[in-house]
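Novice: Dropping a structure here in structure tokens format, bear with me for questions.
The values are calculated or read from the model by the stated rules, or taken from the named source; none is laboratory data. Just so it is clear, the structure is predicted and the values come from calculations on it, not from any experiment. FYI the Cβ positions are ideal-geometry reconstructions off the backbone, even for glycines, and counts take in every protein chain you see.
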Amino acid sequence: MPGSLYAGFRWSMYAFISFWGAYLLFQLEPLIGKFILPWFGGSPAVWITCMLFFQVFLLAGYAYAHFNLDFFSARRQAVLHVALLLLALLTLPVTPDPSFKPESSEQPTFDILILLVSSIGLPYFILSTTSPLLQAWIVRINPYRSPYTLYALSNFGSLLALLSYPFLFEPYFKLGGQTLGWSVGFVIYLLLCAGVALDFRRLAEAEAIVARPVATDDETLISDRMSPAMLWLFWLALPAATTTLLLAATNQLCQDVASVPFLWIVPLSLYVLSFVFCFARKDWYQRRIFIPALFVAAIALVMVLYGGENFTLEAQIGIYSAGLFCCCMTCHGELYRMRPQPSRLTAYYLALSAGGALGGVFVALLAPLLFPLYFEFHIALFACCLLTLWAVAVDHQLSNDKRRKPLVWLSAGAGLIWLGVNLANHAFQTASEKTLVNRNFYGVLRVEDRSVDNPTLAKRVLRHGAIDHGFQFLAADKQHLPTAYYGNESGAGLALTHFTRDHGRRIGVVGLGTGTLLTYGKPDDYFRVYDIDPAVVELAQTYFTYLKKTAANYDLVVSDARLALERETSQDFDLLILDAFSGDAIPMHLLTEQALELYLHHLRPDGVLAIHITNHYLDLRPLVRGMAEHAGYDYLFVQSQPSDSLGWYRADWALLSNNREFLQNPVLQKAKSASTTPVKSIMWTDDFSNLFRLLK
């Protein structure tokens with residue numbers, strides 16, 4: 001093969017492996033998340049913790065590439081990497097061991113990290129080495145071609161994997177099939193990467209590579225004129241700021257704005273897309289376009305923080321997304337402008353990954369301890385704007401730019417001060433509101449006292465993110481009333497009122513909330529209530545009186561309900577009520593075939609399974625019908641209407657039972673919802689579910 005043709009083929013192989021390795025890396029992230037989300041309650045914080053692991057192991061992979069290139073000869077670099085590739089084969093398939101299912105639900109962050117290290121640590125580490133190592137090798141083979149195209153290509157692979165998983169793989173392939181397919185793709189990657197490593201070793205033995213790469217850019221780089229301390233500061237601080245903003249915006253969107261399925265994909269995709277744009281071509285990031293856009297987006301974000309209720313859901317999602325993208329474009333664009341000569345390539349990527357890891361540690365570990373609300377968003381937004389302006393100022397100074405634009409810099413400085421003052425003011429305002437706030441791994445809980453024109457309707461509300469999870473009237477003569485989604489005409493209220501036993505009932509409740517359902521308890525009744533969040537239990541006991549004043553006996557089990565039921569002997573429940581919500585919907589792992597079989601094991605033959613299906617974005621009726629048909633049960637849907645005077649919200653419930661006498665009760669038949677369109681049947685399993693089929 002002629003030399004030029006062979007060189008072109010080699011470049012194509014490096015490009016494909018960079019793309020394929022990044023694609024597998026970002027396919028592994030949602031795949032492992034789907035495995036472990038059910039074990040830890042389905043909270044968005046599980047994904048944030050996974051992101052922390054991904055950032056830290058990306059840092060480890062970049063550190064390996066850097067030190068491998070610095071301390072080993074070219075031949076030994078290739079041999080060491082081939083050995084690691086062979087070792088990675090022993091870790092397949094990447095399936096977490098069920099023994100890692102948690103015994104306790106309190107602060108599971110480190111349990112998640114240990115699980116991830118043991119199950120996907122080595123494959124993820126190997127994949128994370130791909131981009132810096134291959135770029136360093138190709139520069140030594142061809143020192144006159146810029147390696148940063150490969151970095152943009154790898155980010156494009158990451159973006160494609162991120163977008164393809166929920167649309168092409170998750171809806172149509174079971175988890176076992178996904179794991180098998182990923183493993184096959186990983187083996188292909190290992191073989192190709194080993195081939196490239198052996199080719200690099202052969203060239204090293206033939207002395208066909210340069211020991212130290214030379215400059216690949218026509219222009220002198222700004223990094224050549226910066227002090228090492230200043231350069232490393234920017235290399236660390238810029239990615240730390242954007243990673244912090246990414247994770248903070250994800251929390252803000254998924255918990256405080258809306259619990260929309262797959263919403264977390266939007267900020268992560270925009271974050272990755274900014275790397276693609278900034279590193280693909282040096283002229284795609286234009287300061288004159290993106291810096292003004294950054295400040296316009298920052299103003300819009302401040303407006304949403306102060307008056308989010310005045311914006312539609314679509315507007316809020318759009319503003320948060322646009323703001324994140326503008327911040328990432330300016331920060332990553334400045335990072336590209338500060339890129340080093342190829343001789344320092346791996347140190348550059350090491351610093352970028354270290355900054356990302358610092359951002360992940362800050363959001364996942366430190367922020368929940370330091371801040372009662374998501375104030376890391378305020379800090380990250382201000383930091384992105386400050387660092388962008390600082391980077392531009394340093395660039396102008398080092399470039400000896402004689403063009404003075406005092407009005408522009410004065411406006412930028414004033415805008416930065418305005419932004420800082422307003423962000424700080426909003427943080428102090430929200431922190432000083434007469435609202436009790438409790439933040440832990442599972443999110444932010446608020447206890448709010450809401451006054452209205454009619455004092456008898458004043459109420460105390462338990463709020464999780466953007467969703468009310470129950471309330472109690474403050475007036476003494478109304479504190480015994482069942483409110484919110486649990487009124488007398490709701491499905492749960494009807495079931496608890498009309499399902500009777502001569503000698504008391506055993507009632508299981510998944511999800512405590514304020515404890516409203518216990519108002520239906522009678523002296524001979526026994527309630528067994530499961531809730532994964534210890535803060536919910538503490539707030540229900542301290543700030544609401546439903547638990548104190550119930551006539552029934554009860555026990556509280558602080559654990560994921562499904563894991564707790566798996567460990568317990570049959571409870572012989574007369575009624576089992578599913579009311580556990582993560583944001584706006586019941587966690588998916590509580591609505592699968594395996595979960596249903598567990599419920600049937602704990603339910604008496606003539607018992608009732610009541611499922612709360614109120615949701616803004618999903619129509620869960622097809623899923624409930626599938627569960628009823630699988631169990632051989634009859635079912636009916638009850639949609640109760642809101643009432644301000646009685647304190648009722650609109651509520652959708654499904655009642656499933658073998659007890660036809662109960663379901664044929666005239667009161668229930670009158671209350672059942674008459675659907676104008678036929679309801680199809682869907683059944684999920686633990687490894688196969690498709691939320692898109694349920695979107696309204």
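Novice: Only one residue in Leu636, Leu646 is in a strand (DSSP E or B) and either surrounded by fewer than 16 Cβ atoms within 10 Å (Cβ to Cβ) or not charged (D, E, K, R) (or both), so which one is that? Before the answer, list the steps.
Specialist: Values: Leu646 fails: in a strand (DSSP E or B).
None of the other options fit; the residue is Leu636.
Novice: Check Thr216 against each of (1) out of contact with any Phe, Trp or Tyr (no Cβ under 9 Å at 6 or more places or on another chain); (2) modelled with pLDDT under 75 and name the one condition it does not meet.
Specialist: Checking Thr216 against (1) out of contact with any Phe, Trp or Tyr (no Cβ under 9 Å at 6 or more places or on another chain); (2) modelled with pLDDT under 75, the one that fails is (1).
Novice: Given the conditions (1) crowded, with 19+ Cβ neighbours inside 10 Å; (2) without any contact (Cβ under 8 Å) to a residue 12 or more places away in the chain, which single one is not true for Thr569?
Specialist: (1)
Novice: What are the pairs, 6+ residues apart or on separate chains, where a residue within the range 284-302 that is without any contact (Cβ under 8 Å) to a residue 60 or more places away in the chain has its Cβ under 6 Å from a residue that is in a helix (DSSP H, G or I) and of a type in the set (Ser, Thr, Tyr)?
Specialist: Phe290/Thr330
Novice: Moving on to the next point. Does the range 574-581 contain at least one residue that is modelled with pLDDT under 90, surrounded by fewer than 22 Cβ atoms within 10 Å (Cβ to Cβ), under 21 Å from Leu496 (Cα atoms) and small (Gly, Ala, Ser)?
Specialist: no
Residue-wise test of (1) out of contact with any Phe, Trp or Tyr (no Cβ under 6 Å at 6 or more places or on another chain); (2) of a type in the set (Ser, Thr, Tyr).
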{"residue": "Met588", "(1), (2)": "yes, no"}
{"residue": "Leu596", "(1), (2)": "yes, no"}
{"residue": "Asn615", "(1), (2)": "yes, no"}
{"residue": "Pro622", "(1), (2)": "yes, no"}
{"residue": "Arg625", "(1), (2)": "yes, no"}
{"residue": "Ser645", "(1), (2)": "yes, yes"}
{"residue": "Asn658", "(1), (2)": "no, no"}
{"residue": "Asp687", "(1), (2)": "yes, no"}
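Novice: Let me ask something else. Those residues that are within 12 Å of Ile120 (Cα to Cα) and touching a residue at least 60 places away in the same chain (Cβ under 8 Å), I need them from the range 70-103; list them, please. Walk me through how you get there before you give the answer.
Specialist: Applying the first criterion (within 12 Å of Ile120 (Cα to Cα)) to the range 70-103 yields 88-97.
Residues satisfying the conditions are Ala88, Leu89, Leu92, Pro93, Val94, Thr95, Pro96.
Novice: Which is within 28 Å of Gln252 (Cα to Cα) and small (Gly, Ala, Ser), of Ser432, Ser399, Ser411? Show your work before the answer.
Specialist: Values: Ser399 fails: within 28 Å of Gln252 (Cα to Cα); Ser411 fails: within 28 Å of Gln252 (Cα to Cα).
Exactly one residue qualifies, and that residue is Ser432.
Novice: Another question, if that's okay. Among the residues of the range 5-27, is there at least one that is crowded, with 17+ Cβ neighbours inside 10 Å and under 15 Å from the mean Cα position of the chain (by Cα)?
Specialist: yes
Novice: Looking at the range 443-473, which of the residues that are at pLDDT 80 or above and within 24 Å of the chain's Cα centre (by Cα) is nearest to Leu365 (Cα to Cα)?
Specialist: Val444
Novice: Looking at the range 321-415, what helices (runs of 4 or more DSSP H) fall wholly within it and have at least 3 residues that are more than 19 Å from the chain's Cα centre (by Cα) and modelled with pLDDT of 90 or more?
Specialist: Working: elements: 345-361, 367-370, 376-398.
Filter on the range 321-415 gives 345-361, 376-398.
Novice: While we're on this one: Out of Ala45, Ala60, Ala78, report the one residue that is modelled with pLDDT of 90 or more and touching a Phe, Trp or Tyr at 6+ places or on another chain (Cβ under 6 Å).
Specialist: Working: Ala45 fails: modelled with pLDDT of 90 or more; Ala78 fails: modelled with pLDDT of 90 or more.
The conditions single out Ala60.
Novice: Find the residue count for the range 280-320, including only residues that are over 23 Å from the mean Cα position of the chain (by Cα), among the hydroxyl-bearing types (Ser, Thr, Tyr) and assigned to a helix (DSSP H, G or I).
Specialist: 1
Novice: Could you please find all residues in the range 546-568 being over 34 Å from the mean Cα position of the chain (by Cα) and among the polar types (S, T, N, Q)?
Specialist: Thr550, Asn553
Novice: Does Val537 qualify as being modelled with pLDDT under 95, surrounded by fewer than 22 Cβ atoms within 10 Å (Cβ to Cβ) and part of a strand (DSSP E or B)? Show your work before the answer.
Specialist: Working: modelled with pLDDT under 95: yes; surrounded by fewer than 22 Cβ atoms within 10 Å (Cβ to Cβ): yes; part of a strand (DSSP E or B): no.
Judged against the criteria, Val537 is not a match.
Novice: Considering only residues of the range 652-696 that are among the aromatic types (Phe, Trp, Tyr) and either at pLDDT below 90 or touching an Asp or Glu at 6+ places or on another chain (Cβ under 6 Å) (or both), which is surrounded by the most Cβ atoms within 10 Å (Cβ to Cβ)?
Specialist: We begin by selecting, within the range 652-696, every residue among the aromatic types (Phe, Trp, Tyr); these are 653, 662, 684, 688, 692.
After this cut, where a residue has to be either at pLDDT below 90 or touching an Asp or Glu at 6+ places or on another chain (Cβ under 6 Å) (or both) as well, the list is 684, 688, 692.
Working: Trp684: 22, Phe688: 18, Phe692: 12.
Of everything passing the filter in the range 652-696, Trp684 is surrounded by the most Cβ atoms within 10 Å (Cβ to Cβ).
Novice: Still on this structure, I have one more. Of all residues being surrounded by 14 or more Cβ atoms within 10 Å (Cβ to Cβ) and small (Gly, Ala, Ser) in the range 85-117, which is farthest from Tyr14 (Cα to Cα)? Just the residue, please.
Specialist: Applying the filter and picking the extreme gives Ser105.
Novice: Let me ask another. Can you tell me which of (1) farther than 30 Å from Phe35 by Cβ; (2) part of a loop (DSSP other than H, G, I, E, B); (3) under 29 Å from the mean Cα position of the chain (by Cα) is the one Trp653 doesn't meet?
Specialist: Failed condition: (2).
Novice: Also: Would you point out which residue out of Leu180, Leu190, Leu163, Leu168 is touching a Ser or Thr at 6+ places or on another chain (Cβ under 9 Å), part of a helix (DSSP H, G or I) and either more than 28 Å from Leu203 (Cα to Cα) or touching a residue at least 12 places away in the same chain (Cβ under 8 Å) (or both)? Write out each step before concluding.
Specialist: Working: Leu180 fails: touching a Ser or Thr at 6+ places or on another chain (Cβ under 9 Å); Leu190 fails: touching a Ser or Thr at 6+ places or on another chain (Cβ under 9 Å); Leu168 fails: touching a Ser or Thr at 6+ places or on another chain (Cβ under 9 Å).
After applying the criteria, what remains is Leu163.
Novice: Another question, if that's okay. Cβ-Cβ below 8 Å, separation at least six or inter-chain, first residue in the range 625-643 and without any contact (Cβ under 8 Å) to a residue 12 or more places away in the chain, second in a loop (DSSP other than H, G, I, E, B): which pairs?
Specialist: Pro642/Tyr649; Pro642/Arg650
Novice: Is at least one residue of the range 305-315 over 25 Å from Phe275 (Cα atoms), in contact with a strand residue (DSSP E or B) (Cβ under 6 Å, 6 or more places away or on another chain), in contact (Cβ under 8 Å) with a residue 12 or more places away in the chain and not aliphatic (A, V, I, L, M)?
Specialist: There is no residue in the range 305-315 that is over 25 Å from Phe275 (Cα atoms), in contact with a strand residue (DSSP E or B) (Cβ under 6 Å, 6 or more places away or on another chain), in contact (Cβ under 8 Å) with a residue 12 or more places away in the chain and not aliphatic (A, V, I, L, M).
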